[in-house]
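I have placed the structure first, in the form of structure tokens, so that the comments after it can refer back to it.
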Amino acid sequence: MKGDVRNAGTGVITRTYPWAPNRASPWTCFLTDAEWDLDDLTYADLLYDLPMHKARYRVRSDGEVLDRLDLMVDFIPVVHITNSIPTSGEHWGKPTVATVLQALDELSATDTDGSGASATTGSPIIGLAGARLPIDRATGQPLPVKVRAGTVWQLNDNGRMDVLDTSAQLAELRARVDHILDRIAANSRLTAAGLGTLDPTALPSGYALQLALGPLDSLVAAMRLVRDHKYAVLLRMVQRLHQAGQAEGWPTGESLPAHLMWGPHTPTDRAAVLDEVVKGVGAGVLSVETGVRMLIDAGYPIDDAQEEIERIQARAFEAAARLADATGDNAAVRSYLRLPEAGPEVPVVPLADWRDDAD
């Protein structure tokens, strides 16, 4: 490839990549995408040692055959993200539903039983004694009895009709469904509040709801912890793939550090957060940077924190007036308001000296 350097003594080929312009690398990654017909394979052909002369290589949309295609990167572009923190000796992690698979199976079986019980409750089994049933004239046997609206049966003096009541069993099955859902919520740490099955009237205050969501907060925190490093690697890989492909706007140089900022996973009281930020920043106990970060965490549509701060400062004329009173520096005030430097045609406005007012 163009730009590769071969060491005459060792025969090693090195290449300089855009994200490491001062360091040569002897590594690269090749991509091969091929298919094999099962009829062409024998029992001696292993999955990891398939005969390449029997392969059919796929072709990219631009006509490039995917046979040892040089990806122009010195890493394998795959990031494995686990769902939970893996235990010692393995790296796959554990799915969230793994702890409640048995309960989910019981829930499915209980729903099936409940469907059958509701059928017998809606159309109950009826026993007749001493009833005058219609007779089939051809066979002389009583005709099958069907329960339908408006049906009238004539009973003898000692006749009776008994109905099999299965409503109690149906109610028990419905109660078991609720019990299983509670077990699933507790064992998976999703909580009843997280599943949406919690009765809002059962919570006396917002603090009680926050306590009810405690296990869910712990679960989400653990899942985000295991993804924090992985997503940083993923974002770095995306940058390097753009650099390798010479995408527009991606210059040569070290990859920029990038992190994924998580938003709230539970509903937040945005009005309360806004009021807290206004009071804190106004009283001087919170910085504007901290206030904007709190608004972002609460879900306000702020795309760039630094740009939002600059917009706020560009309109903060009262704060600029206090800065002018404190420093007496016109240049500092213009810089605070994000205004360009004053040209020679702009006269300098003399600032009042607070000591004169004091005298």
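Here are a few things to note about the model shown:
- Some residue of the stretch 239-248 being of a type in the set (Asp, Glu), closer than 30 Å to residue 185 by Cβ and assigned to a loop (DSSP other than H, G, I, E, B): no
- For the stretch 298-323, a tally of residues being touching a Ser or Thr at 6+ places or on another chain (Cβ under 8 Å) and either outside any helix (DSSP H, G or I) or of a type in the set (Asp, Glu) (or both) returns 1.
- Matching residues, the stretch 10-25, being open to solvent by 70 Å² or more (accessible area, probe 1.4 Å) and either over 30 Å from residue 252 (Cβ atoms) or part of a loop (DSSP other than H, G, I, E, B) (or both): 10, 22, 23
- Residue match in the stretch 120-127 (condition: surrounded by fewer than 11 Cβ atoms within 10 Å (Cβ to Cβ) and touching a Phe, Trp or Tyr at 6+ places or on another chain (Cβ under 8 Å)): no
Listed here are the residues, each with its yes/no results for (1) in contact with a Ser or Thr (Cβ under 7 Å, 6 or more places away or on another chain); (2) at pLDDT 90 or above; (3) among the aromatic types (Phe, Trp, Tyr); (4) in a helix (DSSP H, G or I).
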| site | (1), (2), (3), (4) |
| --- | --- |
| 75 | no, yes, yes, no |
| 84 | no, no, no, no |
| 87 | no, no, no, no |
| 92 | yes, no, yes, no |
| 99 | yes, no, no, yes |
| 104 | no, yes, no, yes |
| 116 | no, no, no, yes |
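- Where helices (runs of 4 or more DSSP H) fall entirely within the stretch 148-228, those with at least 2 residues that are at pLDDT 90 or above and open to solvent by 90 Å² or more (accessible area, probe 1.4 Å) are at 167-188.
- Residue match in the stretch 268-276 (condition: of a type in the set (Lys, Arg) and within 30 Å of residue 195 (Cβ to Cβ)): yes
- Residue match in the stretch 197-216 (condition: within 30 Å of residue 18 (Cβ to Cβ), touching a residue at least 40 places away in the same chain (Cβ under 8 Å) and of a type outside the set (S, T, N, Q)): no
- Residues of the stretch 162-220 classified as over 30 Å from residue 119 (Cβ atoms) and among the hydrophobic types (A, V, I, L, M, F, W, C), total: 14
- Inter-residue pairs, beta-carbon under 7 Å, first within 15 Å of residue 310 (Cβ to Cβ) and in the stretch 279-293, second assigned to a loop (DSSP other than H, G, I, E, B), 6+ apart: 292/302
The values are calculated or read from the model by the stated rules, or taken from the named source; none is laboratory data. It should be emphasised that the depicted structure is a prediction, and the values quoted were computed from it without experimental measurement. No Cβ is skipped: glycine too gets one built from the backbone with ideal geometry, and neighbour counts run over all protein chains shown. For accessibility, only protein heavy atoms count, side chains too; no ligands or nucleic acids. Shrake-Rupley method; radii C 1.70, N 1.55, O 1.52, S 1.80 Å.
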